[in-house]
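**Q** Sharing a structure here in structure tokens format.
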Amino acid sequence: MNLLIMGLPGAGKGTQSEFIVKNYNVNHISTGDMFRAAMKNETEMGKLAQSFIDKGELVPDEVTNGIVKERLAQDDIKEAGFLLDGYPRTIEQAHALDTMLVELGLKLNAVINIEVNPDILVNRLSGRYICRNCGATYHKIYNPTKVEGTCDVCGEHEFYQRPDDQPATVKNRLDVNIKESAPIIEHYTTLGLVKNVGGEQDIDKVSQDVKAILD
Ligand code: ADP
Ligand code: AMP
């Protein structure tokens, strides 16, 4: 199964990706995670990405398209499929992805679009925290760990908050993503691939709706 998951920052893409990967065994490809790994390793690409991410701007298309193309060409993608999370984020990236898929002989099955009112997203992002060991995502109020200070998934105890989840950066991230996402949704609607999901419901209810689509 080859899928895209779309939605504004904080809509719940990462949270639902965890659910999809666990239940459908596809390869999760998050461009945001790839950039954060490159930043942590202080590679040239990581340093370049950081200069954009810190300001809440998008990393240039050539760079982003390049890392996605390299990842999609790996053998496990043909075997188990993929779930692209946070890509495409511009219409140019959507067109680049169309070309890549043709070149690689891959076909998209669905685009899951998580819909939320932007007004609630600052709250979602400022309460987000992530397990440093396994990357599982939590929220201080809406989705805390079952045992305080212990990751439900891996049992480790160290968590972090993303610097770009600070309100000052979030505003620009939301503005940029709202502007860029409309033509992308339109593009995939024309192709008959978009499946809308109400992202303001409880996390489990959103997962049930996602499951109904994928089953
Ligand atoms: P994205 O990957 O789209 O940026 P995340 O999955 O990281 O979003 O979710 C952003 C924050 O909101 C996290 O703290 C997450 O725990 C929380 N969250 C995700 N889905 C919901 C939901 N349906 N209701 C309330 N909080 C949610
Ligand atoms: P995310 O983890 O998806 O919220 O992404 C974090 C940041 O990485 C974004 O705010 C962008 O700066 C950058 N980024 C992630 N995916 C893309 C993309 N497809 N195109 C451009 N920049 C991206």
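The values are calculated or read from the model by the stated rules, or taken from the named source; none is laboratory data. Please read these numbers as outputs of a predicted model, since none were measured by experiment. Virtual Cβ from ideal backbone geometry, glycine too; neighbours counted across all protein chains shown.
**Q** If you go through the stretch 23-52 one residue at a time, how many are closer than 26 Å to Y188 by Cα and modelled with pLDDT of 95 or more?
**A** Total satisfying the criteria: 12.
**Q** For the stretch 119-132, which residues satisfy the criterion of being within 16 Å of the chain's Cα centre (by Cα) and assigned to a helix (DSSP H, G or I)?
**A** Within the stretch 119-132, L121, R124, L125 qualify.
**Q** Regarding the stretch 186-206, can at least one residue be identified that is within 16 Å of ligand 2 (Cβ to nearest atom), touching a residue at least 12 places away in the same chain (Cβ under 8 Å), not aromatic (F, W, Y) and not in a loop (DSSP other than H, G, I, E, B)? Don't jump to the end; show me each part of the working.
**A** The initial filter retains those residues of the stretch 186-206 that are within 16 Å of ligand 2 (Cβ to nearest atom), namely 187-188, 199.
Checking which are touching a residue at least 12 places away in the same chain (Cβ under 8 Å) leaves us with 187-188, 199.
Next, only the ones that are not aromatic (F, W, Y) stay: 187, 199.
Pick out the ones that are also not in a loop (DSSP other than H, G, I, E, B) and you get 187.
There is at least one residue in the stretch 186-206 that is within 16 Å of ligand 2 (Cβ to nearest atom), touching a residue at least 12 places away in the same chain (Cβ under 8 Å), not aromatic (F, W, Y) and not in a loop (DSSP other than H, G, I, E, B).
**Q** Tell me, yes or no, whether the stretch 187-197 has at least one residue that is under 28 Å from A49 (Cα atoms) and out of contact with any helix residue (DSSP H, G or I) (no Cβ under 6 Å at 6 or more places or on another chain). Lay out the reasoning, then the answer.
**A** First, the residues of the stretch 187-197 that are under 28 Å from A49 (Cα atoms): 187-188.
Now restrict to residues that are out of contact with any helix residue (DSSP H, G or I) (no Cβ under 6 Å at 6 or more places or on another chain): 188.
Yes, the conditions are met somewhere in the stretch 187-197.
**Q** Give me the residue from the stretch 103-138 that is among the aliphatic types (A, V, I, L, M) and exposed (fewer than 15 other Cβ atoms within 10 Å of the Cβ) and, out of that set, farthest from ligand 1 (Cβ to nearest atom).
**A** Filtering the stretch 103-138 for residues among the aliphatic types (A, V, I, L, M) gives 104, 106, 108, 110-112, 114, 116, 120-122, 125, 130, 136.
With the extra rule that they be exposed (fewer than 15 other Cβ atoms within 10 Å of the Cβ), the set shrinks to 104, 120.
Details: L104: 25, I120: 8 Å.
For the stretch 103-138, the residue satisfying everything is L104.
**Q** Next question. Specify the residue that is nearest to L214 (Cα to Cα); the eligible residues are those in the stretch 10-52 that are among the polar types (S, T, N, Q) and within 11 Å of ligand 2 (Cβ to nearest atom). Reasoning before the result, please.
**A** Filtering the stretch 10-52 down to residues among the polar types (S, T, N, Q) leaves 15-17, 23, 25, 27, 30-31, 41, 43, 50-51.
Those still in the list that are within 11 Å of ligand 2 (Cβ to nearest atom) too: 17, 30-31, 50-51.
Values: S17: 12, S30: 19, T31: 22, Q50: 34, S51: 37 Å.
Across the stretch 10-52, the extreme among qualifying residues is S17.
**Q** Additional query: Quick one: how many residues across the stretch 1-28 are surrounded by fewer than 21 Cβ atoms within 10 Å (Cβ to Cβ), assigned to a strand (DSSP E or B) and either away from ligand 1 (no atom under 13 Å from the Cβ) or hydroxyl-bearing (S, T, Y) (or both)?
**A** 2
**Q** Does P167 count as over 22 Å from D98 (Cα atoms), in contact (Cβ under 8 Å) with a residue 24 or more places away in the chain and either aromatic (F, W, Y) or more than 10 Å from ligand 1 (Cβ to nearest atom) (or both)?
**A** Details: over 22 Å from D98 (Cα atoms): yes; in contact (Cβ under 8 Å) with a residue 24 or more places away in the chain: yes; either aromatic (F, W, Y) or more than 10 Å from ligand 1 (Cβ to nearest atom) (or both): yes.
Judged against the criteria, P167 is a match.
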